[in-house]
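Read-outs throughout are calculated quantities, based only on the coordinates presented, and are distinct from any laboratory measurement. Small disclaimer: the values here were computed from a predicted structure and weren't measured.
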Amino acid sequence: MDDMFCGCIINFWNESVHGMHILRKKTGRHPKLAFQAFRNWIKKRFSRKQGQIPKTEPAPHAPVPEYEFSPMTYQNPFIPYFQDILEQLLEQKQIARRRLELVVIDAEENRDDDGEDMEHILYETVRQLNYLLVVTDRPQRYEHFAQQVYEENGLIIQTSPKPAHRGIRGNMVLDFERSGGIRAETIRRGTVYVPFYKRPWEIGENLDILVPVGYNTLVVGGILSAYFEDSRPIDEKFLKDRKPDRLEREFRKG
């Protein structure tokens, strides 16, 4: 805008001989020098006036919102590796496998995907258990599973309603609920409490898995490296090698 304005003035005085004579008469200078003085005056005057006009600052960009963890939407990516994770949890907490007394808190009724995660872990874990308690308000959901486990392993799966699970027997609790907060205070002292959705599971240095245990975190290593060395994506390997086929689980249920 400044250059356009000055350009118009310059063209005007270049084409106006009369203007040049007026400048020479008033300044006593050669027309070219007079014109140069006029052009400098115009620029100075224009820039001074422009400086009086408040400049509008560009609107600042809205800050990018940081990721906020929400238990209601969190998807735990480490479900398929839980058997390997469990072995290290037992080792770190010095719990022999034969002495593992497992308590599982059922997912909410409107969370079918969470229920599948829970069933996946139960199917892989139950073969080596001597004690399993399922805390649930829908025991009928696990009747067929309990009957099948009893016939195959002789293990009697116990159930308990959620409101009555305070101080229940067990040295490890797997919590598949999303609501209600951490239930560590309702469990016996010394029990290993593992929430699957109420706190985020993260990857640390050297591909370690940071597993929430109550309000603390345990570092589990040496699990992801073998899968990350594979050229296939981790999700593909999970679907193909680690997670039992859903149809197979439905067939096993009968």
Name the residues whose placed amide hydrogens come within less than 5 Å of the amide hydrogen of V213, ignoring near sequence neighbours (fewer than 5 apart) on the same chain. L218
Karplus-derived 3J(HN,Hα), 6.51/-1.76/1.60, for each residue of segment 146-155, Hz, glycine and proline x: 5, 5, 5, 5, 5, 5, 8, 10, x, 8
List the residues whose amide H sits under 5 Å from the amide H of M172, counting only those 5 or more places along or on another chain, with H placed 1.01 Å from N in the peptide plane. E101, V103, V192
Could you tell me what fraction of 2.2 N^0.38 Å the Cα radius of gyration of segment 127-220 comes to, as a two-decimal ratio? 1.22
Across segment 77-91, in residue order, what do the Karplus-derived ³J(HN,Hα) couplings come to in whole Hz, using 6.51 cos²θ - 1.76 cosθ + 1.60 with θ = phi - 60° and x for Gly and Pro? x, 9, 3, x, 9, 5, 4, 5, 5, 4, 4, 6, 4, 5, 5
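Compute the projected area of the convex hull of the Cα atoms of segment 62-147, averaged over all viewing directions, and report it in nm² to one decimal place. Numbers along the way, then the final one.
On the way: hull surface 31.7 nm².
One quarter of the hull surface, i.e. the mean projection, equals 7.9 nm².
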